[in-house]
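Q: Handing you a structure now.
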Amino acid sequence: MNTKRLTEKNMDEAAAILRDGGLVGIPTETVYGLGANGLNEEAVAHIFEAKGRPPDNPLILHIPDASWLERYCKDIPLTAYKLADAYWPGPMTMILRRKDIVPDAVTAGLDTVGMRCPAHPLCRAIIDAAGVPVAAPSGNTSGRPSPTTAQHMLEDMDGKIDAIVDGGPCSVGVESTIIDLTDTPARLLRPGGITLEQLEAVLGEVAVDPAVTRLMGAGEQPKAPGMKYRHYAPKAPVTVVTGDPQKSAEYIASHAAPEDGIICFDEFLPLFTRRSETRPVMDLGPAGDKEEQARHIFDALRSFDHTSVPAIWAQCPDATGIGLAIANRLNKAAGFHIIRV
Ligand code: TXA
Ligand code: MG
């Protein structure tokens, strides 16, 4: 299959491909998504094929606004509309009870469905023009880091999808926050672009699913099926070092082998790139700017797959604000191999 490169001039073509059952790479503010008509079982099945995605891992439906919730969900609590008012369009997915109209292929047979109203203008234009809910997981091959540029998505999907719309680099850089509103209290299943603190401001108490902060034991089931897979993982093993930035940088400098890859805050680049060292070093962004770090995290993890580093060491921000999402992605990439200094 020849994957067409589309731009903002071809929104109608992207929408027509979706309506006709094709697969389109779509930019969102979080990461690039692999979109299909969410009401078309066959098209949705093709998403799983293109990604090599396990069939028990459900997809999110992308909609133009909260008024579409009633089409696909039932028993919608008032809190869903409060959250939508506060954070939609934006990087937040709500888990709600689903209506029968939602294909089993989307929900992997669950009686709930993930709903998200994205903010990226091109993504919104495509959904509007298509006039259907767009089912879209992140546009990576299953198990690889999520793509935050069209180029990254093409590395995984060129030849496997009908088209991709290039909307530039993603402004958030980590996936949407997933909040399960079918549980009391509401439960954070995946930290993302909307912070836990922002959710608490609207909901009051929020439970945090254990899969967010630790490795699930054998027999334990995270509530978001996707959280159980070794995810975001570069080929080389990753060690996360967390704590005071100066101390974590010094720890890595004294423990990493000369050929190991490094992910560090900007301030500490000189520590790892001095002398004749030729190892790959990826900067996350300034230690004090977590928004910038979120934009770089997947790019950094992905970049090491083009190298032959035997191991990767990563500095990690504290878990407040969007730091919780960054730490979660790094810790998952490391199989929760974390050193606290
Ligand atoms: O930012 C995002 O959410 C991106 C962009 C493209 O919108 N999408 C994305 O989709 O990250 P995906 O499929 O890569 O991750 C969705 C996660 C998976 O872990 C999946 O198991 C979980 O959401 N999920 C989907 N439906 C669910 C449901 N009904 N109950 C619990 N978890 C669900
Ligand atoms: Mg994904």
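Q: Report, by residue number, each residue of the range 131-165 that is more than 17 Å from R302 (Cα to Cα) and within 15 Å of ligand 1 (Cβ to nearest atom). Break it down stepwise before answering.
A: Filtering the range 131-165 for residues more than 17 Å from R302 (Cα to Cα) gives 131-137, 159-165.
Result: P133, V134, A135, A136, P137, I161, I164, V165.
Q: Which residues, taken from the range 22-52, are part of a loop (DSSP other than H, G, I, E, B), in contact with a strand residue (DSSP E or B) (Cβ under 6 Å, 6 or more places away or on another chain) and over 30 Å from E292 (Cβ atoms)?
A: Selection gives L23, G38.
Q: Right, something else. Pick from the range 53-99 the residues that are part of a loop (DSSP other than H, G, I, E, B) and of a type in the set (D, E): which of them is modelled with the lowest pLDDT?
A: D56
Q: Does P91 satisfy being in contact with a helix residue (DSSP H, G or I) (Cβ under 6 Å, 6 or more places away or on another chain), within 12 Å of ligand 1 (Cβ to nearest atom), within 30 Å of L203 (Cβ to Cβ) and in contact (Cβ under 8 Å) with a residue 40 or more places away in the chain? Give the derivation first.
A: Values: in contact with a helix residue (DSSP H, G or I) (Cβ under 6 Å, 6 or more places away or on another chain): no; within 12 Å of ligand 1 (Cβ to nearest atom): yes; within 30 Å of L203 (Cβ to Cβ): yes; in contact (Cβ under 8 Å) with a residue 40 or more places away in the chain: yes.
It is false that P91 is in contact with a helix residue (DSSP H, G or I) (Cβ under 6 Å, 6 or more places away or on another chain), within 12 Å of ligand 1 (Cβ to nearest atom), within 30 Å of L203 (Cβ to Cβ) and in contact (Cβ under 8 Å) with a residue 40 or more places away in the chain.
Q: Return a yes/no flag: does the range 289-311 have any residue that is closer than 19 Å to V341 by Cβ, in contact (Cβ under 8 Å) with a residue 60 or more places away in the chain and assigned by TED's automatic domain parsing to the domain that holds F336.
A: Yes, the conditions are met somewhere in the range 289-311.
Q: So, one more: Hey, can you tell me all the residues within the range 94-130 that are under 16 Å from S67 (Cβ atoms), basic (K, R) and within 9 Å of ligand 1 (Cβ to nearest atom)?
A: R116
Q: Among what's in the range 125-154 and is touching a strand residue (DSSP E or B) at 6+ places or on another chain (Cβ under 8 Å) and part of a helix (DSSP H, G or I), pick the residue that is nearest to V165 (Cα to Cα).
A: Step one: of the range 125-154, the residues touching a strand residue (DSSP E or B) at 6+ places or on another chain (Cβ under 8 Å) are 126-127, 130, 132-139, 146-147, 150, 153-154.
When the remaining residues are screened for being part of a helix (DSSP H, G or I), the result is 126-127, 130, 150, 153-154.
On the way: I126: 9, I127: 13, A130: 14, A150: 7, M153: 10, L154: 11 Å.
Ranking the qualifying residues of the range 125-154, first place goes to A150.
Q: So which residues in the range 115-147 are buried (at least 19 other Cβ atoms within 10 Å of the Cβ) and within 12 Å of ligand 2 (Cβ to nearest atom)?
A: A136, P137, S138, G139, N140, R144, P145, S146, P147
Q: Same structure again: Here is a list: I178, I194, I161. Which entry is away from ligand 2 (no atom under 16 Å from the Cβ) and surrounded by 22 or more Cβ atoms within 10 Å (Cβ to Cβ)? Explain how you work it out, then say what you get.
A: Values: I178 fails: away from ligand 2 (no atom under 16 Å from the Cβ); I161 fails: away from ligand 2 (no atom under 16 Å from the Cβ).
Just a single option satisfies the conditions, and that option is I194.
The values are calculated or read from the model by the stated rules, or taken from the named source; none is laboratory data. Note that the structure is a prediction, hence the values are computed from the model and not measured. Because the Cβ atoms are built from the backbone with ideal geometry, glycine has one as well, and the counts that use them run over all protein chains shown.
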